[in-house]
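All of the numbers you see were taken from the coordinates with simple rules; none came from a lab. From a predicted model like this one, the values you see are computed outputs, not experimental measurements. Cβ coordinates were reconstructed from backbone atoms using ideal geometry, including for glycine residues, and neighbour counts include every protein chain displayed.
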Amino acid sequence: MPSVHYARLKYLFEMESQRQIIERLRAAFQSGVTAPLQFRLTQLKSLLSLLEDNEPQILEALQKDLAKPKFEAVLSEIDMVVNDLCYTINSLPTWIQPSYVGKNLATKLDDCFVRREPLGVVLIIGAWNYPLQLILAPLIGAIAAGNCAILKPSEISRATERLLAQLIPKYLSQECFAVICGGAEETKSLLENRFDHIFYTGSQAVARSILQAAAVHLTPVTLELGGKCPCLIYGRLDMLAAAKRLVWSKFFNAGQSCVAPDYVLCTPEMREELLPAIAKALSIFYGSQPKQSEDFSRIVTDRHWDRLMALLGKTQGRVVMGGEGSKEDKYFAPTVVVDLDGSDALMQEEIFGPIMPILTIESLEQGITFINQREKPLALYVFSDESQVVNMVLERTSSGGFCSNDGIVHMTLPGLPFGGVGASGMGSYHGRWTFETFSHRRGCMLRGWGLERISMLRYPPYTESNLSWLRWATSAKKKSWGVCSVM
Amino acid sequence: MSQEQRAVERARKAFCTGRTKPLQYRIDQLKNLQRFIVERQKEIADALKKDLNKSEFGTPLYETMGLEGEISLAVSKLAEWAAPRPATKNLLTVSDEVYIQPEPLGVVLIIGAWNYPWAVTLQPLIGAIAAGNAAVIKPSEVCVHTSKVMGALLPLYIDKEVYPVVTGGVQETQELLQHRFDYIFYTGNCTVGKVIMEAAAKHLTPVTLELGGKSPCYIDKNCDITIACRRIAWGKYTNCGQTCIAPDYILCDPSIQDRIIEEIKKSVKEFYTEDPKTCSDYGRIINKRHFKRVMTLLEDSTIAMGGQNDESECYIAPTVLKDVKPGAKVMQEEIFGPVLPILCIGNVDEAIDFINQREKPLALYIFSSDNKLIKHMITETSSGGVLANDCLVHFSVSSLPFGGVGNSGMGSYHGKFSFDQLSHLRGCLIKQLKMEGMNKMRYPPHTAKKLSWARFFILNQVELSKLGRWALFALLAVVVAVILQRYFAD
């Protein structure tokens, strides 16, 4: 093909409008190409190849966007997705089977089953803090469930956005999957279109406008939001071990994780033990000069760096560790603040940075009350060797997920649904849960033609005796699963 | 303070005391609900007669028997549903507890509909109670007498602080929607469904919308047409066609259209006598507005049966329309009345195309003796649910999720699905502070060696279910010992 002709085609292709892309995907979906198991497995395996073939480029992009240390990038971005991919590829043939449900005497001749069916064209909007994981993990389930998908990566993590725009069309079917890049304006116009599901990871403010846009088309949504994840430290415990896990989860990705422990609650006495333990852990992990450590990330943008500095400026608390930073490389030191209360500037919004406020409580009861006065968080952490402490907090609070004696790692388990509740979100995913999120569970019942005499009990003219036969038929089934009145 | 605000605040306060958490409380409330249904059959039936002209048998058959079944299912299964659900572990968490804990959401708003006011308002309530929530119950104001009975009598049986009934119309509903709920369960139409979702968006409240649509009914040449038409006539004309899963229209080959009309005529005569207007088992249209709406739909089609009507009684005879065109008025909206249009199409693939060009319906009905054809139709279409060779009855199978997709709704319920829909399934990982040595490989300073070990542990998808727990433990202990000794000794 002459190069001029090709260049012009390429230009036209790139200028394809959002609407055209969506129409193209919808046509592909309606043609049935995404339905066969083989297609879905092929796409998933291609996605796996994308990650395996391009690890250096991915690491480079993540380094550019967030100065993400290779270790963090590999574990929390690449491997998490690879894990989920393998799990899904292995399990999909099972998940895709209709599940036959319990029958009883009345329905013995009938077939009752639940099919998992694709929804259609779905929209996945990613976030900037784990720019690869947060857009590819939902995509795994979208593909597995047989949908077409539009990916809208976060424009803030620019290098990863560009890499995805380049790689996805190379590995996945261009008929069925597309990447749309852009900022707030582009996202707004994208949302005017009709989708069969919208999956959003990000902030509460934007989530509201997404829900409103979805309401216009009655589109179901999954919202993975955030909140202030409390970390309660109480009772008898191994303080150094706890401090290491706490520090690891807090300062991973420089605190820019939706499930990072946002603030700590402990008694004044425990705080005396905790502070030196934190200092020790920080020194083991990042050395005496975290700025020089290759293992400590940076803040994603100037704007967020300014936001964090401003919080430190406004706090009524006392900075006992860190507090310094340098704007040129967006370095913000691991910081600990004490002597503050619930009304402090640091306690008004999700910190999303390497600042750890430690608030003191007099009793466990007080800690639980403090947590319950606030919005339900995405994760809740308790550090204690006393199981009754852990159980009490678990029973008396609510949160998206719960983890005792560690941080973040609960989200790496594909068997657990990962998602929020209340202000921290709606819906969940990971492993099979992603597949279910992007599927329609269709209840199917295939009746036989026989037993018409029994069916006649339900037809008019209604009589007392017919009714009592039907009643009997129902009450006899009360103990069995799947009550089906002989209608 | 408005009655709405008072109800919501009291429900929230009551919920926060924690009294809905114990399973015994929930079981007691469910049993009280059961007692209400049994003891107040008469008041319930009288109200339904006044609102919808439902016969005295229609009440238990279509409204309360199903509820009683759901209540006893919930009572018998509650301990199982509410128990922690173990989840898959990985190599690193083999000695930890990993499970999903179902928890109450808080205060749920249940907005009922007018066509089966008891069934669709109380069935979500069963799920709400079982899941440990408080619930504000807003019955449809269109059913004037039923709302009154619900408002007056329900509080005498179930905890009136935790489950307040708020009666009223559009204004009261809008007032309610200003408040924050932890879940909204709405049954009704698409237009209001959008308004509800938009109101819920303000508070980031999740919703279940049980809406409707035009549920197609395909009749294959190859089937027992007599039985098919009897079941379809029953499904269509029960409650005067005002059922969200009523077969809305028929698609069939032109060669069987006349036979279908004959058989439906026969069935209607068997059910409702020559003069359905005088038959106590035949219902009425809910009000004049809907009466006029349904009558308008008849205007540009040919009536093959019925058509008689009486506005003063909101009576419309069981009606069949033949040779209906896709552009006819009756095909533009959900009929929700006793009017059955028949559209002729060439074959099953044309029927599939016809269905797929339209919004996804709440139910799809297929009448055929050919199982392959049925499976083909199921695979090529989408709908909330599917029922082959009958109408409506899939609604009563508690082990099937009942709900819509696309324009017919989102979310589902019945049986355990109600419980799960109105719960928060909280992922829990319970770890100990021991075995800290294992964590060293994930802590900085990072080395290539640590990374490769970490990758090994995280990427290894071990089939834990196949390995005995102790065998795995032993394996892990050996591996840990080796790692600690060789690589991470302090």
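Given R₀ = 35 Å, what would the calculated FRET efficiency be for B:Ala448 paired with A:Phe39, taking r from the Cβ atoms and rounding to 0.05?
Working: r = 38 Å, r/R0 = 1.08.
Efficiency, rounded to the nearest 0.05: 0.40.
Just to check, using Stokes-Einstein with a Kirkwood Rh over alpha carbon pairs, what's the diffusion coefficient of region B:34-122 at 20 °C and 1.002 mPa s in µm²/s?
Details: Rh = 16.2 Å.
After rounding, the answer is 132 µm²/s.
Counting only other chains, and only Cβ atoms inside 10 Å, what mean value do you get across the residues of A:216-223? Numbers along the way, then the final one.
Details: counts 3, 4, 14, 3, 10, 5, 1, 2.
Mean shielding count: 5.
Quick one: of the DSSP bridges fully inside region A:230-416, what percent are antiparallel, nearest 5?
In region A:230-416, approximately 25 percent of DSSP beta bridges are antiparallel ones.
What's the extension gain from A:Glu52 to A:Arg194 if we count 0.36 nm per residue and subtract their Cα-Cα distance? Walk me through the intermediate numbers first.
Working: separation 142, 0.36 × 142 = 51.12 nm, distance 3.38 nm.
Taking A:Glu52 through A:Arg194 to full extension adds about 47.7 nm, to one decimal.
Please give the peptides B:272-283, A:439-450 ranked by average Cβ packing (other Cβ atoms within 10 Å per residue), highest first, as a rough proxy for protection. Let's see the in-between values first.
Details: B:272-283: 17.5, A:439-450: 20.4.
Descending mean neighbour count gives A:439-450, B:272-283.
Would you count, across region A:230-416, every pair of lysines whose alpha carbons are under 30 angstrom apart, provided the pair is eight or more residues apart or spans two chains?
Lysine pairs meeting the criterion: 22.
Size of the dipole of chain B about the Cα centre, Lys and Arg at +1 and Asp and Glu at -1 on the beta carbon, nothing else charged, in debye to 20? Could you put the intermediate results ahead of the total?
Details: 57 positive and 53 negative charges, 450 e Å.
Computed about the Cα centre, the dipole is about 2160 debye.
Could you work out how much longer the chain between A:Arg208 and A:Glu60 gets when fully extended? Use 0.36 nm per residue separation minus the Cα distance between them, nm to one decimal. Provide the component values of the computation, followed by the final result.
Numbers: separation 148, 0.36 × 148 = 53.28 nm, distance 3.36 nm.
My answer for the length gained is 49.9 nm.
Dimensions of chain A along principal axes (Cα, Å, largest first)?
For chain A, the Cα spread along each principal axis is 83, 74, 37 Å.
Taking all pairs of different Cα atoms in region A:18-89, averaging 1/r and flipping that mean, what Kirkwood radius in angstroms comes out? If you can, show how the numbers build up before the last one.
Details: mean 1/r = 0.0703 Å⁻¹.
Result for region A:18-89 stands at 14.2 Å.
Hey, got the average number of other protein chain Cβ atoms within 10 angstrom for residues in A:457-470? Mind showing how you got there, number by number?
Working: counts 1, 7, 9, 19, 9, 9, 2, 2, 0, 2, 5, 1, 0, 4.
Counting other chains' Cβ atoms within 10 Å and averaging over A:457-470 gives 5.
Report the local net charge at B:Arg230: Lys and Arg +1, Asp and Glu -1, summed over other residues whose C-beta lies under 14 Å from its C-beta.
Details: positive: A:Arg447, A:Arg453, A:Arg458, B:Arg231, B:Lys236, B:Arg259, B:Lys265, B:Lys266, B:Lys269; negative: A:Glu452, B:Asp224, B:Glu262, B:Glu263, B:Glu270, B:Asp390.
Net local charge, B:Arg230 excluded: +3.
So which GluC sites (Glu not before Pro) in region A:275-334 are both in a DSSP loop and have at most 11 other Cβ atoms within 10 Å of their Cβ? Walk me through the numbers before you get to the answer.
Values: sites: A:Glu294, A:Glu324, A:Glu328; in loops: A:Glu294, A:Glu324, A:Glu328.
Those satisfying the criteria are A:Glu328.
Take each of the peptides A:117-123, A:459-465, average the number of other beta-carbon atoms within 10 Å over its residues, and list them starting from the highest.
Working: A:117-123: 25.1, A:459-465: 14.7.
Ranked by mean Cβ neighbours within 10 Å, highest first: A:117-123, A:459-465.
Step by step: find N for region A:230-416, compute 2.2 N^0.38 Å, then divide the Cα radius of gyration by it. What's the final number? List each step's numbers first, then the result.
On the way: Rg = 15.6 Å, N = 187, 2.2 N^0.38 = 16.1 Å.
Dividing the Cα Rg of region A:230-416 by 2.2 N^0.38 Å gives 0.97.
What is the calculated FRET efficiency for A:Val319 to B:Glu436, with r their C-beta to C-beta distance and R₀ = 41 Å, to the nearest 0.05?
On the way: r = 28 Å, r/R0 = 0.69.
That pair, A:Val319 with B:Glu436, gives E of 0.90.
Count, for each residue of B:68-81, the Cβ atoms from other chains sitting within 10 Å of its Cβ, then give me the mean as a whole number.
On the way: counts 6, 8, 1, 2, 6, 7, 0, 1, 5, 1, 0, 0, 1, 0.
Mean partner-chain Cβ count within 10 Å for B:68-81: 3.
Considering the protein assembly as shown, what Rg and Dmax in Å follow from its alpha-carbon atoms?
Cα only, the protein assembly as shown: 29.8, 95 Å (Rg, Dmax).
So which of B:Lys148/B:Lys416; B:Lys194/B:Lys214; B:Lys202/B:Lys431; B:Lys160/B:Lys360; B:Lys77/B:Lys431 end up more than 28 Å apart by C-alpha?
Pairs exceeding the cut-off: B:Lys148/B:Lys416; B:Lys202/B:Lys431; B:Lys160/B:Lys360; B:Lys77/B:Lys431.
Counting only DSSP beta bridges with both residues in the protein assembly as shown, what percent are antiparallel, rounded to the nearest 5?
On the way: 36 of 108 bridges.
So the antiparallel bridges amount to about 35 percent of the total.
Could you work out the pair-distance distribution P(r) of region B:276-330 from its alpha-carbon pairs, with 5 angstrom bin width and percents rounded to whole numbers?
4, 19, 29, 23, 16, 7, 2, 0
Give, as a single signed number, the net charge of other residues whose beta carbon lies under 15 Å from the beta carbon of B:Lys148, with Lys and Arg counted +1 and Asp and Glu -1. Intermediate values should be presented prior to the final figure.
Numbers: positive: B:Arg40, B:Lys42, B:Lys49, B:Lys50, B:Lys138; negative: B:Glu43, B:Asp46, B:Asp51, B:Glu141, B:Glu172.
Taking every Cβ under 15 Å from that of B:Lys148, the sum is 0.
Put +1 on the Cβ of each Lys and Arg and -1 on the Cβ of each Asp and Glu in region A:230-416; which of A:Ser387, A:Leu312, A:Thr397 then has its Cα farthest toward the positive end of the dipole?
A:Leu312
Would you compute, from DSSP H runs of 4+ residues alone, the mean residue ellipticity of chain B at 222 nm, taking -39500 (n - 2.57) per run and dividing by the full residue count, rounded to the nearest 500?
Working: 17 runs with 206 residues, N = 490.
My calculation for chain B gives -13000 deg cm²/dmol from helical runs alone.
Could you tell me the distance between the Cα centroids of region A:150-226 and region B:295-349, to the nearest Å?
Their Cα centres are 43 Å away from one another.
Run through the DSSP bridge list for chain B and note the antiparallel percent, rounded to the nearest 5.
Numbers: 18 of 49 bridges.
If I count the DSSP bridges inside chain B, around 35 percent turn out antiparallel.
Using only the Cα atoms of chain B, construct the convex hull and provide its projected area averaged over every direction, in square nanometres to one decimal.
Numbers: hull surface 114.7 nm².
Taking the Cα atoms of chain B, their convex hull projects to 28.7 nm² on average.
Put +1 on the Cβ of each Lys and Arg and -1 on the Cβ of each Asp and Glu in the protein assembly as shown; which of B:Ser368, A:Gln366, A:Gly407 then has its Cα farthest toward the positive end of the dipole?
So the residue furthest toward the plus end is B:Ser368.
Using only the Cα atoms, what convex hull volume per residue in Å³ does region B:1-60 have?
Dividing the Cα hull volume of region B:1-60 by its residues yields 109 Å³.
Two decimals is fine: what's Rg over Rh for region A:210-328, C-alpha atoms, Kirkwood radius as Rh? Please report the intermediate quantities before stating the final value.
On the way: Rg = 17.8 Å, Rh = 16.8 Å.
That ratio equals 1.06.
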